[in-house]
Structure formats: structure tokens, C-alpha cells
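J.: Here you go, one structure.
The values are calculated or read from the model by the stated rules, or taken from the named source; none is laboratory data. Note that the structure is a prediction, hence the values are computed from the model and not measured. Note that we place each Cβ from the backbone using ideal geometry, even for glycine, and neighbour counts take in every protein chain shown.
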Amino acid sequence: MWRKIKTLCTNSKFFFMNALNYFKEHSLRFILLILCFSITIILITNFEIENPIEISEQQVLAFGITLQNWGYWLAIVGIPFTAFWAMFQYDKGISIRKHEKAVEIAKEFSSNIVAKCSIVNSVYLSSTLNQLFQFDKKKYQSFKNFNVHELREIYDDDFPTQVRELLDSEKMRLELNELYHNYLEQCSPLTFNGNSTSKKTTSNIRDIFAFHDFSLPYHFEELVSDLLNDLEYICMSISSNAADSKYIYQSLHLMFLRTIRILAIQISLDNINYSDKLFTNIIHVYNEWTSRYINDYTREKKRKEKIEHILNPKIKTV
């Protein structure tokens, strides 16, 4: 019995907390609703009331007001509550659909995109591009516009041309492909059984891709292109608010921010001008999540400093 009462109290508390949060989030709606309701009441109370001299039919009075007029008043009072409930159900339905879309995106990200992100990150950090791009020295907020002009501001004027020539060179393509195939080989049974060979053959590489069900492209540059297209499709749902970002951010933001920071130069090289910009949804989500990450990090740092100050107070010397 007490357990049921406790459960009922907990559910009621949860309901009222949700209602309070909903009221805070949509306070402007309620202010306008209360304002319209108040104006309606003021107008009705100032209307001229005419009482008939002769009563043609019997009417029941309650506190001097007929039941018919009581019905009018109840209808007027019930309008804002009906409007509130309709808005609440409408927003609740949208929230449920956003949550379902967020779960779908998280599932797609974990099943198909996380592996690609890990490969791309590992290959770039293991290549000679790591020293040139200086990934470890660039913070998340270094990139905002993702275009060639921004690259010149972050690095130097010759950097975009230098990087474009390097990425188009056959030597760099061979290096990235070799690192890419080495990474896949480490994830294949060839290395688990100790049968890894120092020299790769076409047959060995074919076996490696067969282990991954041929779901990955053969060339690394194709993998980068596929990954950017997949992320752009996912970010399209987030930036259009079809999926609520708060349901996805906590589980995906670190991998996403790390990957886009590494691919920022690749994206920026493709955006020569402002009018024809590529991967706009990725850029939008990256900037939004970067700002949120920095704010969370700042709050967490202040919280740790406050706790440290309480646990280790400074002792004044006498």
C-alpha cells in the first residue's frame, strides 16, 4: 500500500516538474494566452446585462445566475485550458518524433559511421599530414567558416595551395592508402592468427576487405568522401530540427567534433567562395556543438575549482 502511494507521489512530482519545465520553455505562449483571456473577461464583464421583465419559461438560478449563463462562463474559462492542453499534446508529439529520429540517427552513427570516423582519424594522425596540419595544436573553435580564406588566416597565405598540391600528389595518395589498408589489416583475422605478412599482395588486400563485407571503399579518398556525405545527411536532420540535438549530443559529440576538426582542412579546400558552399549542415552542427562543448567545459572547470576550494581551503598564516 505504501509502495503504491510512494509511486503515485513520485509520478505526480515528475508530472508537475515536466509541466513546470514546459511552462518555462514556452512562457511567451502562456503570457499571450493569459493576456487574451484577461481581455476577454474584461470585455464580457463590461457588457450591458439586460434582465427580462417577464419570464416566459422556468429557469434554475444558482447564486442569482441562470444555468445557461453558467454554461457560457464555463465555456469561456475552459477555452484557455483547452488551448493549453492542445499545445501541450502537440509539442509532446513533436518531441516524441524528434526523440525517435534522434535514436535512429544514433543507431545509424554507431553501426555505420563510427568505424569510418575511427579509420579516418587514425590514418590522418599516422600520416605526414599530422605534422603539417598540426591537429594537436588546433582547438575546436579554430574553424568556423570552413573556407579557403579562413585557412589562410589560421595558417598562412600559401597553405591552401601547398596542401592541395600535396593531397593531389601520387606519393600522398599511396601513403594514405597504405595506412588505410594497414589499419584494416590490424582489424582482420590475419593479424589475430599471427599470419600477417610484411608485404601485401592483391589477394591479401582482397581478403581484408572481404572480412569487412566489402562495405568500405578501396581507396582512402573515397572513404573520406563517403564519410562526409554520411555526416552531411545526418546533420541535415539535426540542423533542420527534425531530430533534437540534445538527445544526440551527449553520446556523439566527442567523435563528431574530433573527426570534423581533422577533416576541417579537407572541407575548407572545397569551399573556395561563400556562395557555393559545401557541407553546410556539418558546419552548422559543428559550430553549435563546439559552442556547447566549450560552455560545458567552462562550467565543469568552475565547478571543479569550487569543489577544490572547499576541499582544500587556503589556511591564513598568523
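J.: Take Lys200 and tell me if it is at pLDDT below 90 and over 20 Å from Leu228 (Cβ atoms).
T.: So Lys200 fits the description; yes.
J.: Shifting gears a bit: Based on what the data block shows, is Asn281 surrounded by 20 or more Cβ atoms within 10 Å (Cβ to Cβ), farther than 23 Å from Ser122 by Cα and not hydrophobic (A, V, I, L, M, F, W, C)?
T.: no
J.: Further question on the same structure: When segment 269-311 is examined, which residues are found to be closer than 25 Å to Ser237 by Cβ, assigned to a helix (DSSP H, G or I) and over 22 Å from the mean Cα position of the chain (by Cα)?
T.: Asp270
J.: Name the pairs: first residue in segment 130-156 and on the phi > 0 side of the Ramachandran plot, second residue aliphatic (A, V, I, L, M), Cβ to Cβ under 8 Å, at least 6 apart or on different chains?
T.: Phe146/Ala264; Phe146/Ile267; Phe146/Ile283
J.: Inside segment 95-149, can you point out the residues that are under 27 Å from Ser237 (Cα atoms), modelled with pLDDT of 85 or more and in a loop (DSSP other than H, G, I, E, B)?
T.: Result: Phe143, Lys144, Asn145, Phe146, Asn147.
J.: Inspect segment 82-93 for any residue being surrounded by fewer than 17 Cβ atoms within 10 Å (Cβ to Cβ) and closer than 21 Å to Leu228 by Cβ and give the result as yes or no.
T.: No: zero hits.
J.: Go through segment 230-272 and give me each residue that's among the small types (Gly, Ala, Ser), surrounded by fewer than 21 Cβ atoms within 10 Å (Cβ to Cβ) and within 17 Å of Pro160 (Cβ to Cβ).
T.: none
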